[in-house]
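Quick notes on the structure that follows.
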Amino acid sequence: AQGLRGPITSAAKLASTDHRVHLLLEDDSTPLGLLRTGTKHLFFYHEASRRMLDEDFVCVLDFYVCGSRQRRGLGRQLFEAMMHREGVLEPAALAYDRPSPKLTAFLERHFGLPPTPLQPNRFLIYHPPQRGSRAQR
């Protein structure tokens, strides 16, 4: 969806990060989807205050559902399971690393999140985290 020349996620790359991989499996063996997340400290422009702010975000770094299995609700199932495991209460509280047009369409279709300009760091941020947007652990 992004026109990349090769894979950007590998086991070797994951071993040296704190990223988390959420998998959707068929019959506990065949992968149908992958969603990679990680926490990042990001700077962003806050429209209401007209200032640059910084905050820690749970970020969606990769999101993929097998092409032959798309449009069957599996992406939403994987996404909602990830939010539950990450303790995030709403998709707008996440940041999205260089989202593809397919991902932004998915967010609008399933969660009512409109297309929004990317931040200068190329992350999509709907609003800064607010108290209650992330579940307490």
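Quick note: the coordinates plus some simple rules give every number you see, no bench work behind them. Only a predicted model underlies this, so the values are computations on that prediction, with no experimental measurement involved. Neighbour counts run over all protein chains shown; Cβ positions are idealised from the backbone, glycine included.
Brief remarks on what is shown
- Its Cα gyration tensor gives the stretch 22-82 an equivalent ellipsoid; the semi-axes, largest first and in whole Å, are 32, 12, 8.
- Here's how it looks for His22: its modeled amide H is under 5 Å from those of Leu35, Arg36, Thr37, which are all 5 or more places away or on a different chain.
- Computed over the stretch 64-126, the P(r) tail beyond 14 angstrom holds 59 percent of alpha carbon pairs.
- Those residues of the stretch 59-95 whose amide nitrogen sits under 17 Å from the label point placed on Leu34, 7 Å along Cα→Cβ: 60-70, 75, 78-79, 82
- Stretched out straight at 0.36 nm per residue, the stretch from His127 to Leu74 would grow longer than its current Cα-Cα span by 16.5 nm.
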